[in-house]
Amino acid sequence: MSLERIELLLKGESPSLEDYTLLIQVTEQASTDLLWNLLITFPESHWLVKSVISKALQEKLPKEKTDQATNSIIRRLQEKYKNL
């Protein structure tokens with residue numbers, strides 16, 4: 001897979017099985033910052049490309065930080081809406 005092919009996929013072209021396989025390998029090596037930037041910069045990406053990038057990003061994000069953020073949000077929601 002070439003950079004040009006990846007850019008076409010990011011711009012919405014449908015991936016082949018070979019593209020999908022190589023995209024998984026590329027995302028495994030990519031940083032969380034790069035993955036995030038790809039997701040927000042290319043909203044027109046094919047849904048399968050977005051899902052590969054999203055899955056890689058979810059696996060790379062530090063679980064501790066996401067747990068802390070989630071707990072904080074849940075706690076604030078419970079406080080705000082406890083009387084409903």
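Read-outs: derived from the displayed coordinates by stated rules, not from any lab. Quick caveat: nothing in here was measured; it's all calculated off a predicted structure. In this analysis, Cβ positions are derived from the backbone assuming ideal geometry, glycine residues included, and neighbour counts consider all displayed protein chains.
Within the option set 73, 40, being within 30 Å of residue 22 (Cα to Cα), outside any loop (DSSP other than H, G, I, E, B) and not hydroxyl-bearing (Ser, Thr, Tyr) holds for one residue only, 40. Scanning region 16-37 for residues that are assigned to a loop (DSSP other than H, G, I, E, B) and polar (S, T, N, Q) yields 16, 31. The sole residue among 16, 31, 54 that is within 16 Å of the chain's Cα centre (by Cα), surrounded by 11 or more Cβ atoms within 10 Å (Cβ to Cβ) and hydroxyl-bearing (Ser, Thr, Tyr) is 54. Is it fair to say residue 48 is of a type in the set (A, V, I, L, M) and surrounded by 11 or more Cβ atoms within 10 Å (Cβ to Cβ)? Spelling it out, residue 48 is indeed of a type in the set (A, V, I, L, M) and surrounded by 11 or more Cβ atoms within 10 Å (Cβ to Cβ).
The residues of region 1-13 that are within 17 Å of the chain's Cα centre (by Cα) and surrounded by 12 or more Cβ atoms within 10 Å (Cβ to Cβ), listed by number, are 6, 9, 10, 11, 12.
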